[in-house]
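The values are calculated or read from the model by the stated rules, or taken from the named source; none is laboratory data. Just so we're clear, the structure is a prediction, and the values are computed from it rather than from any experiment. Cβ placement follows ideal geometry from the backbone for every residue including glycine, while neighbour counts extend to all protein chains displayed.
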Amino acid sequence: MQEKENGRHSLSLENRSSLTLSGVTDIDSFDESQILLFTQLGELLIKGKNLHINELSVESGNLTVQGDIWLLSYGEKNRKAKASIFKKMLR
């Protein structure tokens, strides 16, 4: 029951060069050195070198990243919701 309320998210990292994610809801920004995205369970920052998004399925929320992956860092679960509320207030 808890999983349904909070959403689902998983990741698999192979040899620090191939990352497969599920539960991706949005990509905030990306370049060859970092990707900031949002999952059903909060924000995720990926840092590395020569990062490339190989596959992205908006329907299923699956994402595949290739490159030299150095860091995976989770942030606040509700950061995106707070940011969008703040943007609406400024309009």
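Scanning the range 5-28 for residues that are surrounded by fewer than 16 Cβ atoms within 10 Å (Cβ to Cβ), small (Gly, Ala, Ser) and closer than 19 Å to Glu59 by Cα returns Gly7, Ser10. Restricting the search to strands (runs of 3 or more DSSP E) fully inside the chain and requiring at least 2 residues that are aromatic (Phe, Trp, Tyr) and either at pLDDT 90 or above or touching a Leu at 6+ places or on another chain (Cβ under 9 Å) (or both) gives 62-74. The set of residues in the range 44-72 that are among the small types (Gly, Ala, Ser) and more than 16 Å from Glu14 (Cβ to Cβ) comprises Ser57, Ser60, Gly61.
Can Leu51 be described as surrounded by 13 or more Cβ atoms within 10 Å (Cβ to Cβ), without any contact (Cβ under 8 Å) to a residue 24 or more places away in the chain and under 16 Å from Ile69 (Cβ atoms)?
Against the criterion (surrounded by 13 or more Cβ atoms within 10 Å (Cβ to Cβ), without any contact (Cβ under 8 Å) to a residue 24 or more places away in the chain and under 16 Å from Ile69 (Cβ atoms)), Leu51 qualifies.
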